[in-house]
Amino acid sequence: MLKSGVTKAGIVALAVLAVLVLGIVTLKVVQSRTHAPSLALPLSERFESDTKLIVARYPSDFHARSVSGGIVLGRTFPDGSDEALSLIAIRNPIARDVKKFSQVVLDASTSKLHEYRALTLADATCNGQPGVEATGTWINAEDGSQFFRRACAFVRRGHGYCFSWSVQQRYKEEHRALLQSIVDATEFSD
């Protein structure tokens, strides 16, 4: 026993506790500085499209803006990587047949992506509706980073929709669940 009634076992226990607390604090700081999104983030924000056909639900670390009848959501991480979602709502689509509509809208939405390469194109259920899902990769012309893109085009109550997201290929598996949950949480006003 040491002076003032403290035992060696007590000192060791306090040292172990201090190391654990320091480790937890360090882990929290490191986690807050990394690119990885938290799947536990609530979809607390709302943003309505100019067409009034959809409302996006997303976490507060994303930003939103209106574009041509739709919504673009995005965020940038401290390491410079970023990701984006595009939720397009077309009040009067060029075609109401899902196959024709999806061909037009998917071709148009990938035509400006640098070195876009299609991976899959298949019938799918998109936000509860019959649609067409397309996946592919593209290159950011500015820095050469490779992105993975998933898009789903569908027609609902006479309106056309194309919901897509892009994420750097290296983070695809880590981020896809959150990005898809944002797409799935989209509210329809039609």
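The values are calculated or read from the model by the stated rules, or taken from the named source; none is laboratory data. Note that the structure is a prediction, hence the values are computed from the model and not measured. Glycine gets a Cβ as well: all are built from the backbone with ideal geometry, and neighbour counts include every protein chain shown.
Some values worked out for this structure:
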read-out	value
Residue in the stretch 153-173 that is at pLDDT 95 or above, over 16 Å from the mean Cα position of the chain (by Cα) and hydroxyl-bearing (Ser, Thr, Tyr) present	yes
Selection count where residues are touching a residue at least 60 places away in the same chain (Cβ under 8 Å) and hydroxyl-bearing (Ser, Thr, Tyr), scope the stretch 127-167	4
Checklist (1) at pLDDT below 95; (2) in contact with a helix residue (DSSP H, G or I) (Cβ under 9 Å, 6 or more places away or on another chain); (3) small (Gly, Ala, Ser) applied to residue 56, failing item	(1)
Some residue of the stretch 113-123 being touching a residue at least 12 places away in the same chain (Cβ under 8 Å) and of a type in the set (Val, Ile, Thr)	yes
Test: residue in the stretch 130-149 that is among the aliphatic types (A, V, I, L, M) and touching a helix residue (DSSP H, G or I) at 6+ places or on another chain (Cβ under 8 Å)	yes
